[in-house]
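Heads up: the structure comes next, in structure tokens.
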Amino acid sequence: MDILIQKFGGTSVSNEEKRTQVVKKVKKALKDGYRPVVVVSAMGRKGEPYATDTLLSLIDESFKNDNHQATDMLMCCGEFISTVVMCNEFYKHGIDAMPVTGGQAGIITNDDFNFAEPVETDMTFLNSLLEKNIVPVVSGFQGITKEGIFTTLGRGGSDTSAAILGVALNAKEIEIYTDVDGIMTADPRIVGDAELISKISYNEVFQFAEQGAKVIHPRAVETAMKGNIPIVVKNTMSDCEGTIINSVGDITSEKLYTGITSVSNRIQVNIKLSLNNKENYKHVLRVLADNNISLDLINIFPNEKIFTIDSKDKQNLEETLASIGIKFTLIENCSKISIIGSRIAGIPGVVAKIVDTLDEVNIPVLQTADSHTTIWCLIEDKHTKKAIQTLHNILL
């Protein structure tokens, strides 16, 4: 029988009504002949008693910063609780299930606490449960070191757990259940007529996840892509077919563009070459990297360097550049608009159409960049909603 990974987020397991819907999804998988492996997140959001952020509020910031191993142990507790509570729900509905920690499930990681990377997997125990027709309910977001110490995989790590298990077990699919019907062409809170994307490629959805859309974690997409295991994003509370993520996307579509998303809190940085900074100008990008400042939308010219940073890095950037005598100018309160589509590569006039569209509604474009699947436009934050609505109306 085919193995099916079914991952349920924190909102999907937050109360009995929603957990009953989870049971229905797992029952259907069993009826359809699958061997399901369930992965769960901690229950609810901050403020609810067992949510990860609520657990973290029990300890001081200074303790968190100095005791990453202990913090990981605390963060694992939310998922431990979810697995047992979910197994209780399965028990009431006649499904034989067993709560399993990430380590027991065979996810072995390094000891980079809070952001651990998987180094190997051992599916012996999970396979033994599946052979006995027991549904494993796995604590997402976590693993264990070879020495037996609990680790976490970083925020959004339950998606990553599901992808790791999907690849290791050679699953038929990885189902990611959340509180939306799937991946939309734009944020429906901004674009009222945004449409559900039925099929999308790994590369496209990776761009969605990296560029601001929060439906699925980029690491999960990357992991599933390496194993070529399809992901399906679905709504726990509906029977919507959701969005299928695979290697080819929607090969029947003739649309150039798949969707639009955005990232706010960007700052544009402009550095010009001068007689006074000639030597340090050559190495300025390396100096910024050495000071852990991440750059984006990088445009390099003989006498000018333009790039963006996250607003949280502003003070670090200012202090770093001042220390090497580099003068600069900033444009704050910017947003990066991302227009994504796997068919845009090599098509003449794509960037021109986007820039012209924004110009027609008096939205200045501060900077552009592009790749094979994405075109980025930097604009002022205040224009973000109008820009997305306009581009969606014209392009999609």
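The values are calculated or read from the model by the stated rules, or taken from the named source; none is laboratory data. Please read all numbers here as calculations on a predicted model, not as lab measurements. A quick note on method: Cβ atoms are made from the backbone with ideal geometry, for glycine too, and the neighbour counts reach across all protein chains shown. Accessible surface areas use protein heavy atoms only, side chains included; no ligands, DNA or RNA. Shrake-Rupley method; radii C 1.70, N 1.55, O 1.52, S 1.80 Å.
Worth a mention:
- Every Cα-Cα pair of region 1-146 was included, and the share exceeding 25 Å stands at 30 percent.
- Straight-distance crosslink candidates among aspartates and glutamates, where the alpha carbon sits under 12 Å from LYS272 and sequence neighbours closer than 8 are dropped: GLU304
- Across the options THR11, GLY325, ILE107, the greatest Cα extent toward the positive end of the charge dipole of the chain (unit charges at beta carbon of Lys, Arg, Asp, Glu) belongs to THR11.
- Surface composition of region 144-252: carbon and sulfur make up 48 percent of the accessible area, probe 1.4 Å.
- With R₀ set to 25 Å, the beta-carbon distance separating ILE347 from ASN393 gives a calculated FRET efficiency near 0.80.
- Per residue, region 235-322 exposes 56 Å² of solvent-accessible protein surface, assessed with a 1.4 angstrom probe and all protein chains in place.
- Centroid-to-centroid, using Cα positions, region 194-269 and region 304-371 are 23 Å apart.
- Each Lys and Arg adds +1 at its Cβ and each Asp and Glu adds -1 at its Cβ; summed about the Cα centre, region 143-266 shows a dipole of about 480 debye.
- Whole-number percent relative contact order across region 23-92, with pairs defined as alpha carbons under 8 Å at least 6 apart: 31 percent
- For the chain, the 222 nm mean residue ellipticity estimated from helices alone, with every DSSP H stretch of n ≥ 4 adding -39500 (n - 2.57) and the total spread over all residues, rounds to -10500 deg cm²/dmol.
- For ASP112, the accessible area of its heavy atoms, probed at 1.4 Å with every protein chain present, is near 80 square angstrom.
- Magnitude of the charge dipole, region 65-162, Cβ model with Lys/Arg +1 and Asp/Glu -1, debye to 20: 340 debye
- Over region 13-150, relative contact order from alpha-carbon pairs under 8 Å, at least 6 apart, %: 27 percent
- Estimated vicinal HN-Hα couplings, Hz - region 105-110 in sequence order (Karplus 6.51, -1.76, 1.60; Gly, Pro = x): 6, x, 8, 9, 10, 7
- Over region 236-325: Kirkwood hydrodynamic radius from C-alpha pairwise inverse distances, Å: 16.6 Å
- Summing Cβ point charges (Lys, Arg +1; Asp, Glu -1) relative to the Cα centre of the chain gives a dipole of roughly 400 debye.
- In region 113-251, a dipole from Cβ-located charges (positive for Lys and Arg, negative for Asp and Glu) runs towards its positive end, and of SER201, THR185, THR121 it is THR121 whose Cα lies farthest in that direction.
- Label-to-label distance, nm, for residues given as ASN110 and GLU319 (7 Å Cα→Cβ offset): 2.6 nm
- Each Cα pair under 8 Å and six or more residues apart adds its sequence gap; the mean of these over the residue count of the chain is a relative contact order of 13 percent.
- Once both labels are positioned 7 Å from their Cα atoms along Cα-to-Cβ, the gap between LEU256 and LYS214 label points is 3.2 nm.
- Rounded to the nearest 10 square angstrom, LYS28 shows an accessible area of 120 square angstrom against a 1.4 Å probe.
- Heavy-atom SASA rank of LYS282, LYS312 (probe 1.4 Å, accessible area, largest first): LYS312, LYS282
- Around ASP381: net Lys/Arg minus Asp/Glu count, Cβ-Cβ under 12 Å: +3
- DSSP beta bridges fully contained in the chain are about 60 percent antiparallel.
- Listed residue pairs exceeding 30 Å between alpha carbons, taken from LYS46/LYS336; LYS46/LYS234; LYS327/LYS385; LYS25/LYS382: LYS327/LYS385; LYS25/LYS382
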